[in-house]
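For reference, the structure is listed below as structure tokens.
Read the figures in this text as sums done on the coordinates, not as results from a lab. Just so you know, these numbers come straight off a predicted model, no measurement behind them. Glycine gets a Cβ as well: all are built from the backbone with ideal geometry, and neighbour counts include every protein chain shown.
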Amino acid sequence: MTDETRRNDGRSQTRIVLDVDTGIDDTLALAYLLASPEADLLGVIGVYGNVTAETAVRNNRDVLRLFGRPDVPVLHGMPRPSWADCFEVDEGCARFHGANGLGNVDPKGYMGDAGGSGSGSGAGADAGADADGAGRAGGESHTFAARGRVKSVGGYRAEGEAELEEVVAAERAVRRAEAEGVKFIVDAVRRYGREVTILATGPLTDVAAAIEAAPDIVDSLRVVMMGGALTQEGNCYDLVCETNIIQDPEAANRVFRSGADVTMVGLDVTHQCLLTRADAQVWRDAGAARGRFLADMVEFYINANEDADPMFLAGSPLHDPLAAAVALDPTLVQCFDINMMVETRTGDGHGFRGRTIGDPTRLRKPRKIAHVALGVDAERFVPQFRDRVASICR
């Protein structure tokens, strides 16, 4: 047994901390981890992005309970990007993930015969449940004063100043996130080093905050992230940037340039891994509440993708599930090693804000610390994903 694995019932395991803005494909990634005997899920952090951080935390708790894992700790992550004072969900996210992030499907409605137990998640699940608690502990620093009360709407700066009440609430939530999700990352890396993988399927704000809070973790920090695009167009309005990156380009840039080991699972490969209606029907046919929940949720996702782009008539991309699978099995993808950066400004001499590219200041450095997935064994991954998830839908 290597230092990077443990054994449980004869199987090697990979420790995972999941940092997630829990929309539909994020939930599928969580289900995949729960169905994978080689995954030791240490905790799940809810960050802003597809939904608010509060909604992400609630979704994580509900899904874990539905799948019989209320023991997994659920933590609060950052409520807004590092460049803004508060955050509002973009209407595009609601279009693809529903108002609640789960295709407007409520997991609680499926719990009667799901086999779940308990009323909440395990150790740490209720830490900071009082939204004001952590905020009072550190006082209200009102850092918005230096930035002019800037609001992010899905990664884009809103016109005008944010409401004071929104900003104060976000400041309190930041304090809670620093005490919960960010600290959880720091503690996990300090305890396990490279034996733990931080799996980030939302914006990289929590990971960047952990690096800022504890620079000593960088040499031991291993990140597998879903985000970015190197060889194809993005999926934002500008068709240059990818959604998770545009939410907080500054944070992503800090992570890429920190010296941490980062594997980028971006649109280059996720658009090659498509979930079909037939795949979802396998879960429904399993006959249990969990399968019906996933199938109902995915129906919303498939419809939204088909309406948005004829390319997805063949199926809907498995963005976050692929990143989860790569965290457990890196052989699913072929990577190009390069030192990466993210553009943080738009204009002459600055490129395009949110674009993920090679860092020109480090391109000739012999040590390449980012691994960008450019090839994927989709024929192996997609049926493996479908069948593995089906195994916990019975």
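Quick notes on this structure:
- Cut-off 19 Å, label 7 Å out along Cα→Cβ of ASP337, residues of the stretch 196-240 by amide N: 219-225
- Computed over the stretch 178-251, relative contact order equals 32 percent, with contacts defined as Cα pairs under 8 Å that lie 6+ residues apart.
- Positive dipole terminus of the chain, leading residue within ALA280, ALA35, GLY347 (C-beta point charges): ALA35
- Relative contact order of the stretch 6-390, pairs being alpha-carbon contacts under 8 Å that are 6 or more residues apart, as %: 18 percent
- Beta bridges by DSSP in the stretch 6-390, antiparallel share as percent, to the nearest 5: 35 percent
- Computed E for ASP106/TYR237 - FRET, C-beta separation, R0 30 angstrom, nearest 0.05: 0.50
- Residue-averaged 222 nm ellipticity for the chain, from DSSP H runs of 4+ at -39500 (n - 2.57), nearest 500: -10500 deg cm²/dmol
- Here the chain is assigned +1 on the Cβ of each Lys and Arg and -1 on the Cβ of each Asp and Glu. Its dipole about the Cα centre then comes out at about 940 debye.
- Per residue, the convex hull around the alpha carbon atoms of the stretch 143-287 comes to 177 Å³.
- Kirkwood-Stokes translational diffusion coefficient of the stretch 216-274, alpha-carbon pairs, 25 °C, 0.890 mPa s, µm²/s: 201 µm²/s
- Rounded to the nearest angstrom and listed largest first, the equivalent-ellipsoid semi-axes of the chain from its Cα gyration tensor are 28, 25, 22.
- Ordering 375-385, 217-227, 242-252 by mean Cβ neighbour count within 10 Å, with the highest value first, yields 242-252, 217-227, 375-385.
- Local electrostatic count, CYS86, Cβ distance below 9 Å [Lys/Arg +1, Asp/Glu -1]: -2
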